[in-house]
Each structure stands twice: as structure tokens, then as C-alpha cells.
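Visitor: One structure is given below, represented as C-alpha cells, and several questions about it will come after.
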């Protein structure tokens with residue numbers, strides 16, 4: 001009985017430590033990704049969006065999580081948050097990213113402070 005307990009305890013410890021190390025490996029691979037941080041909606045089809053829409057943001061975390069906060073002009077002409085969603089992101093290589101359930105080619109420019117989603121000609125800027 002004591003032998004079974006020791007084997008079970010060792011097995012549980014191995015599972016705990018092996019699962020922790022793989023999470024750390026994933027976070028390390030994301031830690032230098034240029035997409036990390038909070039980005040704000042800036043333009044669509046080479047035209048700047050409204051000041052209200054510029055409050056829309058996507059935040060990319062090292063953990064692979066995203067938080068998207070969307071703002072729009074409401075029916076009373078005020079600016080308000082229309083949605084707040086959480087999702088995940090993945091860098092697939094060659095500037096191909098998956099986030100908010102969409103796969104997109106991303107082009108970084110302006111010394112890494114802006115990115116353009118090629119398929120929709122949408123620009124986000126990092127505000128510091």
C-alpha cells in the first residue's frame with residue numbers, strides 16, 4: 001500500500017512539473033514576438049477612422065490570449081464600447097497570424113509601432 005502511494009505521488013509530481021515546463025516554453029517563444037502589447041485601430045483603406053473608433057484596441061499577451069475592445073458611435077452620437085471579447089492568437093511564421101478566429105498576413109512598419117492587416121487594409125498602431 002505504501003509502495004502504491006509513493007508511485008502515485010511521484011507520478012503526480014512528474015505530471016505537474018512536465019506540464020509547467022511546456023507552458024513556460026510556449027511563453028518564452030512568444031515573449032519576443034513583435035505583435036505583443038496593446039494596439040489601437042487607426043485606419044481602414046488608407047483613411048483614418050473616427051476618434052471614437054480609434055479607441056478600439058487589441059491586446060496580445062505572451063500567454064497567447066487576446067482582448068479586443070471595440071468602440072463605435074452610438075445612435076445618440078456619443079462614443080461607446082460596443083463589445084469586449086477574449087480570444088487567442090498564434091504566430092504561424094512568415095508574418096501569418098491567427099487571432100480572433102481569423103488568419104491574416106501582418107505587415108509591421110513604422111519601426112514596429114504599426115501593423116497592417118493585408119487582407120482588409122486595416123492599420124493598428126501601438127500607443128506608448
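Visitor: Residues to consider are 59, 86; find the one that is surrounded by 10 or more Cβ atoms within 10 Å (Cβ to Cβ), modelled with pLDDT of 95 or more, over 15 Å from residue 124 (Cβ atoms) and assigned by TED's automatic domain parsing to the domain that holds residue 104. Write out each step before concluding.
Guide: On the way: 59 fails: over 15 Å from residue 124 (Cβ atoms).
Matching residue, one of 59, 86: 86.
Visitor: Quick one: is residue 46 closer than 20 Å to residue 123 by Cα, at pLDDT below 95 and more than 14 Å from the chain's Cα centre (by Cα)? Please lay out each step first, then the result.
Guide: Working: closer than 20 Å to residue 123 by Cα: yes; at pLDDT below 95: yes; more than 14 Å from the chain's Cα centre (by Cα): yes.
Yes; evaluated as a whole, the condition is true for this residue.
The values are calculated or read from the model by the stated rules, or taken from the named source; none is laboratory data. Since we're looking at a predicted model, the values are computed, not measured. Cβ sites come from the backbone with ideal geometry, for glycine too, and all protein chains shown count toward neighbours.
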